[in-house]
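The block underneath contains the structure these notes are about, expressed in structure tokens.
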Amino acid sequence: IELELSVAPGNPRPLDALEDGDEVVVRVTAPVASASPGAWLAAYSPAGADVTEQAPVKFAVLRNVTGEWEATGVAEVRFALTKMRSDYHFVLFESDLLAPQNATVLAQTDPVAFADPLAPRAPRAVFVPGAGGSGGQLAVAWSSGRGAEHASKLRWQVAGAGGEWTLQAASVATYGVDDFCGGFAASFGWRDPGYVHMAPVVGAAPGATLELQLEDDSATYAVPHTLRVPRAAGEAGTRLALFADMGRGDTDDAHTWLEYGFPAENVSRALAADEPFDAHFLFGDLSYAQGFASVWDDWFRQIEKWAVRAPLLANLGNHEFDAPADAWREGRRQDLYFGGDSGGECGVAAAAQVPTPRASLDEAWWSQQVGNVQVISMNTEVDFTCGSDQWRFLRNALAAVDRAVTPWVVFGGHRPALIDSTYDRASQCCGYGRGAPPRGGPP
């Protein structure tokens, strides 16, 4: 059995200097007698990862890619690869897609690599905690493989104005496997997340359009999209995008774990086409990584078309937060439902990857002014009964709304208060694999 690597048509870069999102084609050639219906091809990163210990980043069942696989023993599989701070290699397996750590390895490729693999990527505009009652401070977050010692900075200037760039030093954060609440997040789905950088945007005029650059001690990197600063407090015409339960889709021949397919990709395309917005409010169930760390990187590549052009506000849903009662770390605020829906992430990954005006991971509720709209978010996954910490915050936030400044109020949480649904979780598949995190309760 042979595996042959090539770049996809139209990709000018070689296999050792790929860029984020480039497509690689893996051609599989096998004797017809060996062209099993159970054959599947997986991408692993970093290259050389132990397939018995780590989940693949993406995978494709060959007979689903081409109906000719079993008759000819030939299949070509396109993989769009996300720059995840390391190289990749591809492994052909016989059978057990449901338990890849037990499958038989038939063949594998040499590595493919990225140019500047540790470089900054996936910038997203966010709000972070700030002074005053109107909410948080506008900021830009991004990912990279370089820690605090590399002196990361945000550079911005008004689009088309020329002149001096404003520089702002970035904070740097990360998290480790010991921060999770077990599950796939702390085992088969774990992958080093790199670093999340965050720099406030200080001094930009409301409504201004900004050009952005990300800088560290290696180079300065241009951001291909501009950021529109939200309009001034009370200014009419505020435009928000409101949506939930997004997930991750693919446009190649492969799949990520627990993906939600083309609808997720279509939502991203629609958001990009329908700009400008003053902010995006994604109220729970963001990437649906559910413990498979690489999905966060893939999801950021999917949303990069719009996520830096206006702030992304988010709150936590069951697929970011919920974990079994006996899995929570001492001192953490536990969820109300004790399902396994986060795959062990218990809010850690989402809170780090998508900063919000929340006071902390375990105080994940907030109020944010955007133009003439006050957006108030609750966390439906933890206690919100009368007298609770969250109830007191929400009561005060609603009481503080000045209808002369923000005549519109958007109040959001992940789980619906009322639902009319025929969804029967007992009859639904829980994902691609045995033992995948159960998809608990509505939605």
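Once the 1.4 Å probe is applied to the protein heavy atoms, the chain comes out at 40 Å² accessible per residue. Under the convention that each Lys and Arg Cβ holds +1 and each Asp and Glu Cβ holds -1, the size of the dipole of the chain around its Cα centre is about 1280 debye. Placing +1 on each Lys and Arg Cβ and -1 on each Asp and Glu Cβ, with no other charges, gives the stretch 315-359 a dipole about its Cα centre of roughly 220 debye. Phi angles of the stretch 165-175 translate, via the Karplus equation with coefficients 6.51, -1.76, 1.60 and θ = phi - 60°, into HN-Hα couplings of 8, 8, 10, 9, 5, 9, 7, 9, 9, 7, 8 Hz per residue; Gly and Pro are given as x. The stretch 40-88 and the stretch 326-359 have their alpha-carbon centroids 31 Å apart.
Along the axis of the charge dipole computed for the chain (Cβ charges of +1 for Lys and Arg, -1 for Asp and Glu, origin at the Cα centre), the listed residues Phe338, Val375, Pro46 are led at the positive end by Val375.
Computed from these coordinates, which is Rg and Dmax of the Cα atoms in Å: (1) 22.3, 79; (2) 21.8, 66; (3) 22.4, 75? Computed from the coordinates, Rg and Dmax of the Cα atoms in Å corresponds to (3).
Rounded to whole numbers, the Karplus 3J(HN,Hα) couplings from phi for the stretch 243-256 are 6, 8, 6, 8, x, 10, x, 9, 10, 9, 8, 10, 10, 8 Hz, using 6.51 cos²θ - 1.76 cosθ + 1.60 with θ = phi - 60°, and x at Gly and Pro.
For the pair the stretch 244-316 / the stretch 1-15, the C-alpha centres are spaced 27 Å from each other. Between Ala417 and Ser187, the C-beta separation translates, for a Förster distance of 35 Å, into a calculated FRET efficiency of about 0.50.
Kirkwood's formula applied to the C-alpha pairs of the stretch 61-174 gives a hydrodynamic radius of 19.1 angstrom.
Across the options Gly412, Ala71, Ala222, the greatest Cα extent toward the positive end of the charge dipole of the chain (unit charges at beta carbon of Lys, Arg, Asp, Glu) belongs to Gly412. In the chain, the DSSP-assigned H stretches of four residues or longer account for a calculated mean residue ellipticity at 222 nm of -3000 deg cm²/dmol, using -39500 (n - 2.57) per stretch and the full residue count as denominator. For the stretch 169-269, GluC sites (Glu not before Pro) are listed when DSSP marks them as loop and at most 16 other Cβ atoms sit within 10 Å of their Cβ; the list is Glu235.
The values are calculated or read from the model by the stated rules, or taken from the named source; none is laboratory data. Since the model is a prediction, treat every value here as computed from it, not as a measurement. Cβ: placed from backbone, ideal geometry, glycine included. Neighbour counts: every protein chain shown. The protein model used for the area step is the full one, side chains on, heavy atoms only, and it has no ligands, DNA or RNA in it. Shrake-Rupley method; radii C 1.70, N 1.55, O 1.52, S 1.80 Å.
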